[in-house]
Amino acid sequence: MRRIDEIYTAFPYYGSPKMTAELQRRGIVVNHKAVERLMRVMGIRGIVPRRNTSKPHPRHQVFPYLLNGLDINRPNQVWGTDITYVRASGIWFYLVAILDWYSRYVVAWKLSPNMSGEFCVRALHDALTVATPDIHNSDQGSQFTAEAYIGILQEHNIRISMDGRGRCFDNIFTERLWRTVKYEEVYLREYRSFAEAEDSLNQYFHTYNYRRLHQSLEYRTPAEVYFKK
């Protein structure tokens, strides 16, 4: 699963046959059925990066996607959120981030040892102490369609947008954030505990927001663009 996670981050369009071939090229003896089973456990598949973290709840309300053709030209116009896996020594944690799409500033994030939706609600509360967006975009995962989460957005009169099922590029900026976080932080570490992972990610996100230059931002930091410095 660790190797699959690395390969999938680099090649999200790989299905189980290509994933099997890539693992074998790296000297890992494994058959197609085993790889297919592990990818199913991880909730990933080629082309569409849907995770177990993104399973919809059958009784939760789903909202339409509002961002087609939208000119995103200022901070707090659109926030996007998503969940990804973070590996540690023999265990997996779950990371949620809320990203301002215009500036790429990570407004809030939380790490959790489990998939209860409470850590997403806490991230949203933290983000709303910074600002209030016009639109909040997410996938249709049960954490983001839950009444507790949706209720907070509605209380703040935030327009709710959700990715179409099977459309990974609807939340492309957050997907790119995960690639950056994994290559620049997670894959360089060997977290031995939840506390260690949380502390290391805290340092990384501070660097990402305030020190890391982005070519797409004309070599400014996300914080400089977000706070218009």
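Test residue 88 against the criterion of being modelled with pLDDT under 95, among the aliphatic types (A, V, I, L, M) and touching a helix residue (DSSP H, G or I) at 6+ places or on another chain (Cβ under 7 Å), and give yes or no. Spelling it out, residue 88 is indeed modelled with pLDDT under 95, among the aliphatic types (A, V, I, L, M) and touching a helix residue (DSSP H, G or I) at 6+ places or on another chain (Cβ under 7 Å). Scanning region 35-54 for residues that are modelled with pLDDT of 85 or more and surrounded by 14 or more Cβ atoms within 10 Å (Cβ to Cβ) yields 35, 36, 38, 39.
Listed by first and then second residue, the pairs linking a residue in region 150-176 that is closer than 16 Å to residue 127 by Cβ and open to solvent by 10 Å² or more (accessible area, probe 1.4 Å) to a residue that is basic (Lys, Arg) and modelled with pLDDT of 85 or more, with Cβ atoms under 9 Å apart and 6 or more places separating them unless they lie on different chains, are 173/104.
Here residue 94 meets the list (1) at pLDDT 95 or above; (2) not in a loop (DSSP other than H, G, I, E, B) almost entirely, failing just condition (1).
Only one entry of 57, 32 meets the criterion of being over 15 Å from the mean Cα position of the chain (by Cα) and at pLDDT 75 or above, and that entry is 32. Yes or no: region 204-226 includes at least one residue that is outside any helix (DSSP H, G or I), under 29 Å from residue 73 (Cβ atoms) and among the acidic types (Asp, Glu). Looking through region 204-226, at least one residue is outside any helix (DSSP H, G or I), under 29 Å from residue 73 (Cβ atoms) and among the acidic types (Asp, Glu). Residues of region 186-221 that are over 18 Å from residue 2 (Cβ atoms), without any contact (Cβ under 8 Å) to a residue 24 or more places away in the chain and of a type in the set (Gly, Ala, Ser): 195 alone. Residues of region 119-134 that are open to solvent by less than 10 Å² (accessible area, probe 1.4 Å) and either hydroxyl-bearing (Ser, Thr, Tyr) or not in a helix (DSSP H, G or I) (or both): 133 alone.
Considering region 177-196, the residues that are farther than 27 Å from residue 136 by Cα and among the aliphatic types (A, V, I, L, M) include one that is least open to solvent (accessible area, probe 1.4 Å), namely 195.
The values are calculated or read from the model by the stated rules, or taken from the named source; none is laboratory data. The shown structure was predicted, so the numbers you read here are calculated from the model rather than taken from an experiment. For neighbour counting, all protein chains shown are included, and Cβ atoms are generated from backbone atoms with ideal geometry for every residue, glycine included. The protein model used for the area step is the full one, side chains on, heavy atoms only, and it has no ligands, DNA or RNA in it. Shrake-Rupley method; radii C 1.70, N 1.55, O 1.52, S 1.80 Å.
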